[in-house]
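Just below is one structure, and these are the notes that go with it.
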Amino acid sequence: MPSKTLENGFDPIAAEQRIYKMWEEAGAFKPKYDPELEPYSIVIPPPNVTGNLHMGHALNVTLQDVLVRFERMRGKDVLWQPGMDHAGIATQMVVERKLAEEGNIGRKDMSRKDFIAKVWEWKEENGGNIENQTRRLGASCDWSRSRFTMDEGLSDAVCKVFVKMYEKGLIYRDKRLVNWDPYFQTAISNVEVENIEKDGHFWHFKYLIEGGETYTYIEKDEAGNITLEEERDYISIATTRPETMLGDGAVAVHPSDERYAPIVGKKVLLPLADRYIPIIIDEHPDPDKGSGAVKITGAHDFNDYEVAKRHNLPLHVIMDEKGHMKESEIMPAKYVGMDRFAARKAVVADIDAIGLLEKTETRKIQVPMGDRSGVVIEPMLTDQWYVNAKEIAKDAIKAMDDGTTTFKPGNWKKTWDQWMNNIQPWCISRQLWWGHRVPAWYGISLKSVATYEDGKNYERKIFVAETKQEALAQAKKYYGENVQVNISEDDVTCHVVDEDDNLSNIDLARDTDVLDTWFSSGLWPFATMGWPEDTEDMKRFYPTSVVVTAFDIIFFWVARMMMQGLHLTGQVPFKDVYIHAIVRDEKGAKMSKSKGNVIDPLVLVDKYGADALRFTLSAMAAMGRDIRLSEQRIEGYRNFGTKLWNAARFLEMKDCAPVKDFKPLSCQETVNKWIVGEAAKAAKAVTASIKAYRFNDAADTAYKFSRGLFCDWYVELIKPVMDGDNEAAKTETRACASWAYEQILKLLHPFMPFLTEELWDATDKNGTHKSFLMSADWPVLGNDFINAGAETDIAWLIDLITEVRSVRTEMNIPPSRKGKMVLIGASKDTLARMDTYKDALERMARMSEWKTANSAPRASIQAVVSEAIIALPLAGLIDMEVEKSRLYKEIESIKSEIEKIGKKLANKNFVERAPKAVVAEQHTRCEAFEAELEKLKQALDNLAS
RNA sequence: GGACGAUUAGCUCAGCGGUAGAGCACUACAUUGACAUUGUAGGGGUCACUGGUUCAAUCCCAGUAUCGUCCACCA
């Protein structure tokens, strides 16, 4: 490898692109399929094909990349499977908007086929920005195997799953109330509905009793005293959605509600509609809420639907798919065609006009909104496809219970349980065009052929099959040889009968709906591995090691993957579920376009480099907490990168280079023994932290080792060696410094891949590196790398230097001023060390020379380090009174420490009950403080004499 | 109504049953010596509050307050 000279600084923009390309072209992201290696796999949460990288992705991708790079370096065979989601609604919306902008005809004016072609066209041209954006973060996914949820393989898998589950009765068609999005005009699932609190009204209407009958209405307080008694000819109902009253089928009261007991069973006149509806009793109404009487609109409210079914009430559908009032026998002509909100106003006004508006309250109400459309969701009575989620949830719940799959952090299990145990049927059909089309074909049932009259009320026969051919085959078998069966091109079922009313010809129409995007996302971990074939990938990489995602898609995605994965493959799709934070802005608000507080990660990458952003996100990714991203912190870590760069320049300047077969354990120099031990400790800690998904701990440990120990101390301590003339020591130190630096690069690589890879190459002056850093071996350094003697020595040295620096600054000694050091009461070891580290002390503690003495010279500042008093004679430079008070303050503070410990040690209970080690530790501390106190007192005495 | 989380330095956040931490900001000093995207030193904390457990609580438990999020309900 050619050695090159390090530039003044790291240029992320140029280097990142170059390095990424280098990795990718070398195939460094691909799994090796080496049977000797332990597999490790992650599937990326597929972002929407329409998506752009936001901060949530940046965090998500960073954490996965940290894991993947870490495991790869640890020698595992790593697969990180990338890909994208076709995102039904989002994509259809984007393309429709684009068609409109370009002045093209809209979707509804073109054929389905043409529209789908447009979407694919859009996807080829504009889709998938996010893949390149993800690359910019340094993500080491194997792009060569990127998948798309609408590609052929996945589409086949989706069809197979649908058919299989249909045959088992786990997918079925049902007519029931569904969450209807009037903007997109499709059904959506429960999880796609967000309840948002809004200002609303609570309208109280009077429904008059049939025939002008009256009753005595009595209200009582809790004690049973009558608070109101009056004759009424009406029942009062309250509603937040007045327009639905046009579809009321009854008024319900609770069986225990005495107020209405006199009129139960009677009828009331539904205002405006001029229909009579009964007053019924049901458990549903809560006597304490509103008037206690509830209007029952079976076709437009989930609770009412249940009541209506119990009492066989009519289900009047009053709106069409756009949320407009629909023409029907019960709909007053005035409202037909009105938008639901216009109708609301009109209904209120009209009821008011006839004197039946009792009162209007203003209050906060929870409004169900479509998460993508942002419009109010309407419960609608429609035919849809459902998955029996309750059934397939069983195994998923069990797998989490027995720990086959675990949440990290574990507290998400509670949320999971709560939801999974109350799971509702999953509506999977969408009235959209972009997506996996439901593989069902409809014909007329043979039973219906005979009774077929008006073309409307016939029973359909459903053929569910993976392909058109299979559907045809099924149909032929069903209808018999005498019937000609075809597939309709324009999705319309029709049939022909002969003179004898026997079926002769039938056109099957395919279901026009597509499947919920999450239905296919749920197959992602195994469908991307080639399922349903029993592929090499399935055997090797499934179940995956971990899925990394944010909590807000536990229900959308994690739950569905678990349910479908277990049901279809018999195995959990992943062993761990790591739930990371949501990235918020500095004020803690969720970033959203509408709030305008979105920080574009790519802007930050441009400004500070991908490594700085990655390191920041990792360092802030403490488990179980949200991240408030602060740009200053990114800047701080960018500076850290620069620091590392400059450390490399220092090594370069001192002719340090990695030495082939260097043995860290063979080091003779104490500083070297010390940094080797520190590297071992850091490596161990970083490894343990990443393994436990404690990214912040890992980042922090690596940071402290690289900056706090290596740059701040080691580099300074070896300077005298480098500038000295002990060639053997120099040679060893050059090699050791390079070795230690290599450990830093390795430990930081998962977090800062670009900078470290660049430095790995740039510092390799002897060409000893046989691979990219990303493919190098992760440091595994045992306890034998830790040298206790060296640790003690360097700890003493650091202590001494720190102490001297501190007192000098405190006493305002100019740093330029070098001074003598006088040691009082120093041990032999200390004196030996003074000799050993004389040069370092000269540089770092501004020492000119040193000697021993029995007492401190006059006009000295003094510090206590271990057993010795260090006196710095600085006549003329210091105010002795200030020094006295400084020492006095220090004495006081130590006294208070001693007092605290003394109290503890005097406490019998503590001495008897606390662990021996803790007691011993306190004794040691106390003794150390006492010794120091003695020395300080002595120092003070020195001044007095 | 249910659940979860938070409350630690000026700010953003770690942490932990025994000795309070980081980044940034702040103060002083230094200097082009790998590094001004710098160095050294320093100031700054009743770890929200009240009880309890414990030899010992910032940490565990209970309660309170404030804030945040999710789920359900609100006819």
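If you go through the range A:715-728 and pick out every residue that is buried (at least 19 other Cβ atoms within 10 Å of the Cβ) and more than 9 Å from RNA strand B (Cβ to nearest atom), you end up with 4.
Exactly one residue among A:700, A:712 is within 21 Å of residue A:73 (Cα to Cα) and within 9 Å of RNA strand B (Cβ to nearest atom), and that residue is A:700. Against the list (1) closer than 27 Å to residue A:188 by Cα; (2) at pLDDT 95 or above, the condition residue A:60 fails is (2). One residue stands out in the range A:210-238 among those that are open to solvent by 10 Å² or more (accessible area, probe 1.4 Å) and within 16 Å of RNA strand B (Cβ to nearest atom): the one that is nearest to the chain's Cα centre (by Cα), namely A:238. When the range A:795-817 is filtered for residues that are exposed (fewer than 15 other Cβ atoms within 10 Å of the Cβ) and either assigned to a loop (DSSP other than H, G, I, E, B) or more than 9 Å from RNA strand B (Cβ to nearest atom) (or both), the ones remaining, listed by number, are A:795, A:799, A:812, A:814, A:815, A:816, A:817.
Any chance the range A:752-772 includes a residue that's more than 20 Å from residue A:871 (Cβ to Cβ), among the polar types (S, T, N, Q), open to solvent by less than 50 Å² (accessible area, probe 1.4 Å) and assigned to a helix (DSSP H, G or I)?
The first filter runs over the range A:752-772 and keeps only residues more than 20 Å from residue A:871 (Cβ to Cβ), leaving A:752-772.
Filter again for among the polar types (S, T, N, Q), leaving A:756, A:763, A:766, A:768, A:771.
Cutting the leftovers down to open to solvent by less than 50 Å² (accessible area, probe 1.4 Å) gives us A:756, A:763, A:768, A:771.
In the following step, the residues that additionally are assigned to a helix (DSSP H, G or I) were identified as A:756.
Yes.
Contact map, the range A:349-370: first residue of a type in the set (Gly, Ala, Ser), second residue away from RNA strand B (no atom under 13 Å from the Cβ) and open to solvent by 30 Å² or more (accessible area, probe 1.4 Å), Cβ cut-off under 7 Å, separation 6 or more or different chains; pairs are A:370/A:183. Being over 26 Å from residue A:615 (Cα atoms) and open to solvent by 20 Å² or more (accessible area, probe 1.4 Å) is a description that applies to residue A:734.
Across the range A:400-415, the qualifying residues are those that are β-branched (Val, Ile, Thr) and in a loop (DSSP other than H, G, I, E, B), and the one among them that is nearest to RNA strand B (Cβ to nearest atom) is A:405.
On inspection, residue A:612 qualifies as surrounded by 22 or more Cβ atoms within 10 Å (Cβ to Cβ) and more than 8 Å from RNA strand B (Cβ to nearest atom).
Yes or no, residue by residue, for (1) among the acidic types (Asp, Glu); (2) open to solvent by less than 30 Å² (accessible area, probe 1.4 Å); (3) out of contact with any Ser or Thr (no Cβ under 9 Å at 6 or more places or on another chain); (4) within 15 Å of residue A:45 (Cβ to Cβ):
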site	(1), (2), (3), (4)
A:534	yes, no, yes, no
A:540	no, no, no, no
A:544	no, yes, no, yes
A:550	no, yes, yes, yes
A:557	no, yes, no, yes
A:567	no, no, yes, no
A:573	no, yes, no, yes
A:578	no, yes, no, yes
A:582	no, yes, yes, yes
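Check A:12, A:45, A:31 and return the single one that is in contact (Cβ under 8 Å) with a residue 24 or more places away in the chain and closer than 30 Å to residue A:435 by Cβ. Working first, answer last.
Working: A:12 fails: closer than 30 Å to residue A:435 by Cβ; A:31 fails: closer than 30 Å to residue A:435 by Cβ.
Exactly one residue qualifies, and that residue is A:45.
Residues that are within 16 Å of RNA strand B (Cβ to nearest atom) and in contact (Cβ under 8 Å) with a residue 60 or more places away in the chain were ranked within the range A:299-314; the one that is farthest from residue A:276 (Cα to Cα) is A:302. Residues in the range A:366-394 that are open to solvent by 50 Å² or more (accessible area, probe 1.4 Å) and part of a strand (DSSP E or B): A:366, A:383. Would you be able to say whether some residue in the range A:325-335 is within 16 Å of RNA strand B (Cβ to nearest atom) and either part of a strand (DSSP E or B) or open to solvent by 60 Å² or more (accessible area, probe 1.4 Å) (or both)? So far as the range A:325-335 goes, no, none of its residues is within 16 Å of RNA strand B (Cβ to nearest atom) and either part of a strand (DSSP E or B) or open to solvent by 60 Å² or more (accessible area, probe 1.4 Å) (or both). Tell me yes or no: at least one residue of the range A:146-154 is part of a strand (DSSP E or B) and at pLDDT 85 or above. Checking the range A:146-154: at least one residue is part of a strand (DSSP E or B) and at pLDDT 85 or above. Somewhere in the range A:89-111, is a residue part of a loop (DSSP other than H, G, I, E, B), touching a strand residue (DSSP E or B) at 6+ places or on another chain (Cβ under 9 Å), open to solvent by 10 Å² or more (accessible area, probe 1.4 Å) and touching a residue at least 12 places away in the same chain (Cβ under 8 Å)? No, every residue in the range A:89-111 fails to be part of a loop (DSSP other than H, G, I, E, B), touching a strand residue (DSSP E or B) at 6+ places or on another chain (Cβ under 9 Å), open to solvent by 10 Å² or more (accessible area, probe 1.4 Å) and touching a residue at least 12 places away in the same chain (Cβ under 8 Å).
Counting only residues that are outside any loop (DSSP other than H, G, I, E, B) and under 19 Å from residue A:344 (Cβ atoms), the range A:237-272 holds 10 of them. Taking (1) within 15 Å of RNA strand B (Cβ to nearest atom); (2) within 25 Å of residue A:835 (Cα to Cα); (3) not β-branched (Val, Ile, Thr) in turn, residue A:732 satisfies each apart from (1). Hey, does the range A:918-927 have a residue that's open to solvent by 20 Å² or more (accessible area, probe 1.4 Å) and under 30 Å from residue A:669 (Cβ atoms)? Checked the range A:918-927: at least one residue is open to solvent by 20 Å² or more (accessible area, probe 1.4 Å) and under 30 Å from residue A:669 (Cβ atoms). Of all residues in the range A:627-643, one or more are within 11 Å of RNA strand B (Cβ to nearest atom), touching a residue at least 60 places away in the same chain (Cβ under 8 Å), open to solvent by less than 60 Å² (accessible area, probe 1.4 Å) and touching a strand residue (DSSP E or B) at 6+ places or on another chain (Cβ under 8 Å). Taken as a whole, the range A:453-460 holds no residue that is among the polar types (S, T, N, Q), exposed (fewer than 13 other Cβ atoms within 10 Å of the Cβ), at pLDDT 85 or above and closer than 30 Å to residue A:185 by Cβ.
Checking every residue in the range A:648-657 against the condition of being in contact (Cβ under 8 Å) with a residue 12 or more places away in the chain, open to solvent by 40 Å² or more (accessible area, probe 1.4 Å), within 16 Å of RNA strand B (Cβ to nearest atom) and within 27 Å of the chain's Cα centre (by Cα) gives zero matches.
Condition check: without any contact (Cβ under 8 Å) to a residue 40 or more places away in the chain, within 29 Å of residue A:364 (Cα to Cα) and of a type in the set (Val, Ile, Thr). Does residue A:244 satisfy that? No, not satisfied.
Considered as a group, the residues in the range A:261-289 that are open to solvent by 70 Å² or more (accessible area, probe 1.4 Å) and more than 22 Å from residue A:330 (Cβ to Cβ) include one that is nearest to RNA strand B (Cβ to nearest atom), and that residue is A:289.
Looking at A:423, A:397, just one residue is open to solvent by less than 80 Å² (accessible area, probe 1.4 Å), part of a loop (DSSP other than H, G, I, E, B) and under 15 Å from residue A:561 (Cβ atoms), and that residue is A:423.
Taking the conditions exactly as written (out of contact with any Cys (no Cβ under 7 Å at 6 or more places or on another chain), open to solvent by 10 Å² or more (accessible area, probe 1.4 Å) and within 20 Å of residue A:91 (Cα to Cα)), does residue A:31 satisfy them or not? Criteria not met by residue A:31.
The values are calculated or read from the model by the stated rules, or taken from the named source; none is laboratory data. Bear in mind that the values here come from a model prediction, so they are computed numbers and not experimental data. All Cβ positions, even for glycine, are placed from backbone atoms using ideal geometry, and neighbour counts span all protein chains on display. Quick note on the areas: whole protein, heavy atoms, side chains included, nothing else; ligands and nucleic acids left out. Shrake-Rupley method; radii C 1.70, N 1.55, O 1.52, S 1.80 Å.
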